[in-house]
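Worksheet: one structure, shown below.
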Amino acid sequence: MARRILVVEDEAPIREMVCFVLEQNGFQPVEAEDYDSAVNKLNEPWPDLILLDWMLPGGSGLQFIKHLKREAMTRDIPVVMLTARGEEEDRVRGLETGADDYITKPFSPQGVGGAH
């Protein structure tokens, strides 16, 4: 079974491109366009990984990570921030909040889809 990746991104062209690349690499992307829809997608089967934008309608990516890490069933799901916030202090804040990795926009689509 393909690994499920929750892609949380409010910009449709970026979300669609990331999902396309993931599908081409054998993953099963699940799309969420805002904070609330991302929270609603946290159900079984759990995603194996979350690609998460920082700036979202309805809440921030950091708020989402805090929500995720509070729950016993979701706290171990790896999170990769995929964001335009590229300052060193933003990267540190994202990682300290609980992100496992941090990719800044613009990014290489191959870099997103190539990690198996």
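Numbers below:
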read-out	value
Beta bridges by DSSP in the chain, antiparallel share as percent, to the nearest 5	10 percent
Expected 222 nm ellipticity per residue - DSSP helices of 4 or more, -39500 (n - 2.57), all of the chain, to 500	-10500 deg cm²/dmol
Percent RCO, i.e. relative contact order, over segment 4-111, from Cα pairs under 8 Å lying at least 6 residues apart	24 percent
Counted charge near LYS69, where neighbours are those whose Cβ lies closer than 14 Å (Asp, Glu -1; Lys, Arg +1)	-1
Listed values (1) 1.64; (2) 0.96; (3) 1.81, entry calculated as Cα Rg over 2.2 N^0.38 Å	(2)
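Values quoted throughout were computed directly from the atomic coordinates according to the rules given, and no laboratory measurement underlies them. Nothing here was measured: the structure is a model prediction, and the numbers come from that model. Positions of Cβ are generated from backbone atoms using ideal geometry, with glycine treated the same way; all protein chains shown enter the neighbour counts.
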